[in-house]
1. What longest region of chain B stays clear of trypsin sites (Lys or Arg not before Pro) that DSSP places outside H, G, I, E and B and that have at most 13 other Cβ atoms within 10 Å?
2. Using +1 on the beta carbon of Lys and Arg, -1 on that of Asp and Glu, and nothing else charged, what's the dipole of the protein assembly as shown about the Cα centre, debye to 20?
3. List A:L47, A:L33 from most exposed to least, where exposure is judged by having the fewest other Cβ atoms within 10 Å.
4. Could you give the radius of gyration (one decimal) and Dmax (whole number) of the Cα atoms in chain B, in Å?
5. Looking at the stretch A:57-110, what % of the alpha carbon pairs are farther apart than 17 Å?
6. Pull up the cross-link candidates among the lysines for A:K55, meaning alpha carbon to alpha carbon under 26 Å and not fewer than 8 places away within one chain.
7. What is the dipole size for chain A, taken about its Cα centre, with +1 at each Lys and Arg Cβ and -1 at each Asp and Glu Cβ, in debye to the nearest 20?
8. Name the GluC sites (Glu not before Pro) in the stretch B:4-98 that are in a loop by DSSP and that have at most 14 other C-beta atoms within 10 Å, would you?
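Just so it is clear, none of the values below were taken in a lab; they were calculated from the coordinates. What you see is a predicted model; the values in this text were computed from it and never measured. When we count neighbours, we look across all protein chains shown, and the Cβ atoms used for this are built from the backbone with ideal geometry, even at glycine.
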Amino acid sequence: SQKIEQNSEALNIQEGKTATLTCNYTNYSPAYLQWYRQDPGRGPVFLLLIRENEKEKRKERLKVTFDTTLKQSLFHITASQPADSATYLCAPENSGYSTLTFGKGTMLLVSP
Amino acid sequence: DAGVIQSPRHEVTEMGQEVTLRCKPISGHDYLFWYRQTMMRGLELLIYFNNNVPIDDSGMPEDRFSAKMPNASFSTLKIQPSEPRDSAVYFCASSSLQGGDQPQHFGDGTRLSIL
């Protein structure tokens, strides 16, 4: 069955450093993958989408990579700020169904 | 522009009662999704609609759950009778899925507690 793994332990980093979050998936081949941010008490908010034929996508301080051979996506936040503290969810597309399956997310804590 | 609007934000009720959650999607969006989020299972897709028609309800846990979309601007998720294990945060999301890769826009959820 399809499985998505994100690090369940919180990632603690210092302000100004680069945060790297990992998303691994097994048993399917998504055509695209999305990343969302979720703050406590709020719904997820879309950040970036990367397609299977794209190696890398950037948006301001955010960068996403997509390695279909390793079945892995990495999400980077450069020059991190305390305001980046949140839970980040990866969501690969369900092959051919145009719906998403969400990982459980990784909490990022950026300390000043 | 108004985002996805869900009501109520919080609901506390006793086991056995009927619960109705409401969602107003973003105007012009063709797809509407209902999700449930718990610590144990994360964010799970329950059902989704395209142009008000249910497409896939395989994520609905039991017959106690039902969802309707009577028009393009309103959807409900109903639980009857409710049970303590239904306690979770329920999210509604909408998207315009031309091309199948558009982002989903989420409401802020309904936090449901069944006592």
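1. On the way: sites that count: B:R9, B:R41.
The answer is B:42-115.
2. Working: 23 positive and 25 negative charges, 77 e Å.
For the protein assembly as shown, the charge dipole is close to 360 debye.
3. Details: A:L47 17, A:L33 27.
Least crowded to most crowded, the residues run A:L47, A:L33.
4. Final numbers for Rg and Dmax: 13.4, 43 Å.
5. Working: 685 of 1431 pairs.
Summing the P(r) of the stretch A:57-110 above 17 Å gives 48 percent of all pairs.
6. A:K3, A:K17, A:K63, A:K71, A:K104
7. Details: 13 positive and 11 negative charges, 25 e Å.
For this selection, approximately 120 debye.
8. Numbers: sites: B:E11, B:E14, B:E18, B:E44, B:E62; in loops: B:E14, B:E18, B:E62.
Listed in order of number, the matching sites are B:E14, B:E18, B:E62.
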